[in-house]
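Written out below as structure tokens is the structure these notes cover.
The values are calculated or read from the model by the stated rules, or taken from the named source; none is laboratory data. The model shown is predicted, which means the values in this text are computed figures rather than measured ones. Methodologically, a virtual Cβ is constructed for each residue, glycine included, from the backbone with ideal geometry; neighbour enumeration extends over all protein chains shown. Surface accessibility is based on the protein's heavy atoms, side chains included, excluding ligands, DNA and RNA. Shrake-Rupley method; radii C 1.70, N 1.55, O 1.52, S 1.80 Å.
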Amino acid sequence: MRRARTHAQGIDLPARVSATADVAWHLVGLQAQDGRAVALAVRARTHGLVAADLTAPVDDGTCVVTWSLRGTRHLHAVEDVRPLLALLAGRWLRPTRRAADLGIDGAVGRRAVAALRAALVRGPLTR
């Protein structure tokens with residue numbers, strides 16, 4: 001039983017997994033609401049990484065943080081993002097009561113999405 005649980009959680013990933021992007025790829029994503037928590041999740045599944053190795057994948061474009069699973073922030077290998085969004089976008093990107101509460105539903109929301117798409121046409125932006 002214990003072996004199956006560690007395997008399911010990726011704790012026993014192969015020794016060749018030595019980068020954050022590899023962990024994100026093997027697990028299809030890591031919850032990333034808190035940067036410290038995702039760093040600990042990666043550290044538990046790799047060997048020999050230092051703190052800078054944990055943030056570099058987002059900076060170098062091999063990983064991305066997005067709201068793809070369960071409507072919470074997750075760290076994914078960049079090649080997984082399009083298929084995940086194609087699969088899950090209908091579930092998580094539809095208008096919600098919260099959007100109405102914030103006044104960004106309906107036409108306002110559609111204009112905001114159009115503006116975001118236009119801004120991102122050449123790729124991701126920095127903050």
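Scan segment 45-88 for residues that are closer than 17 Å to Arg127 by Cα, polar (S, T, N, Q) and part of a strand (DSSP E or B) and the total you get is 1. For segment 108-119, does any single residue satisfy the condition of being outside any helix (DSSP H, G or I) and either polar (S, T, N, Q) or at pLDDT 80 or above (or both)? No, segment 108-119 contains no residue that is outside any helix (DSSP H, G or I) and either polar (S, T, N, Q) or at pLDDT 80 or above (or both).
Summed over segment 61-87, residues that are open to solvent by less than 60 Å² (accessible area, probe 1.4 Å) and either farther than 22 Å from Asp34 by Cα or modelled with pLDDT under 70 (or both) total 1.
Regarding segment 21-32, can at least one residue be identified that is without any contact (Cβ under 8 Å) to a residue 12 or more places away in the chain and either open to solvent by 80 Å² or more (accessible area, probe 1.4 Å) or in contact with a helix residue (DSSP H, G or I) (Cβ under 8 Å, 6 or more places away or on another chain) (or both)?
Just the residues of segment 21-32 that are without any contact (Cβ under 8 Å) to a residue 12 or more places away in the chain, to begin with: none.
There is no residue in segment 21-32 that is without any contact (Cβ under 8 Å) to a residue 12 or more places away in the chain and either open to solvent by 80 Å² or more (accessible area, probe 1.4 Å) or in contact with a helix residue (DSSP H, G or I) (Cβ under 8 Å, 6 or more places away or on another chain) (or both).
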